[in-house]
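Just below is one structure, and these are the notes that go with it.
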Amino acid sequence: MSGIRLKYWRAVGAAAVVCLAAACGGEGGESGSAGGEGGDGGEAGEAGASAPAPSPATATAPGGEGGPGGEAGAASAYAGVSGDQLTALRLAHLKGFVLAADRVAAAGQTAEAGILVEQGVLEVYNVAADQFGSLNVAIVRAAADGAPAHIDAAEAEIDRAADALAEIDDAALAARMVDIATGLYQGVVQQDFVDAIEYQHSMGAALAAQAVLQAGQAELSGEDAEAYSDASAQMTRFVGLWSQASAPEAPPAYRDVLAQASRVRLALYPYF
């Protein structure tokens with residue numbers, strides 16, 4: 001897996017710059033950051049504005065996507081989150097793998113769907129098993145056979161555990177899942193190949209971000225109906241960049257995913 005560092009831009013103007021740069025043909029590689037690499041597959045791609053800067057005090061255990069050594073900046077997405085909001089993020093991250101598995105299973109690839117569930121348990125759940133609230137992980141593990149009914153049951157169990165949490169900031173949660181999806185996608189389009197695994201992992205995170213936004217529709221619409229409508233439309237376009245369950249020969253460029261992620265965050269900005 002690629003080791004991509006995902007950071008947060010705290011100013012909405014910075015997100016707009018990213019979007020503008022991507023639209024003008026930039027490859028999304030960070031310029032001016034220590035150790036940053038340019039190009040589609042370069043390190044240090046920026047993920048946007050919506051969350052606090054990473055804090056070492058809240059870093060998660062090493063290993064997997066959810067730890068400091070995790071792939072594609074997932075560790076940074078977790079930085080600064082605690083309590084039920086952290087549990088909600090853990091659950092949403094795990095749900096992304098289940099949603100990706102559901103989409104893959106629907107395409108007739110049962111074995112591959114089961115592998116995605118196994119990867120989710122290994123890379124997200126196992127690194128912080130005590131931070132998933134009331135989740136019955138046995139139900140999720142059972143979906144590793146790729147059976148659609150078991151995948152549906154796993155999704156329902158994750159939703160049940162999430163619903164049991166206290167008040168959650170759905171806008172912030174959706175933004176962090178967009179950050180994870182964007183960071184993961186930076187490893188998809190390499191110079192000589194397409195990383196099919198990263199494609200599906202990032203797809204799952206994008207689907208989970210959309211699911212979070214949809215779950216919060218009533219509250220977010222009540223707070224600002226126009227903002228929610230815009231954010232929902234931008235999120236739909238974001239998810240649409242993953243046009244099929246398996247990686248195509250020529251997937252969208254990272255800069256296009258980065259630009260659309262910035263549009264999602266800009267649409268969500270009224271909630272922050």
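A few comments on the model shown:
- Taking GluC sites (Glu not before Pro) across region 125-182, the ones in a DSSP loop with at most 11 further Cβ atoms lying within 10 angstrom of their Cβ are E167.
- Karplus-derived 3J(HN,Hα), 6.51/-1.76/1.60, for each residue of region 224-233, Hz, glycine and proline x: 7, 5, 5, 5, 5, 4, 5, 4, 5, 5
- Exposure proxy ranking, count of Cβ atoms within 10 Å, fewest first, for H201, H150, H93: H150, H93, H201
- At R0 = 51 Å, FRET efficiency that the Cβ-Cβ distance of A111 and E226 yields, to 0.05: 0.70
- Proxy reagent accessibility, fewest Cβ within 10 Å first, across T236, T182, T87, T110: T236, T110, T87, T182
- Whole-Hz couplings from phi, Karplus 6.51/-1.76/1.60, listed for region 152-157; x for Gly and Pro: 4, 5, 5, 4, 5, 5
Where a number appears in this text, it was derived from the coordinates with a stated rule and is not lab data. Every value quoted in this text rests on a predicted model; they were computed, and no experiment measured them. Don't worry about glycine lacking a Cβ; one is built from the backbone with ideal geometry, like all the others, and counts go over all protein chains shown.
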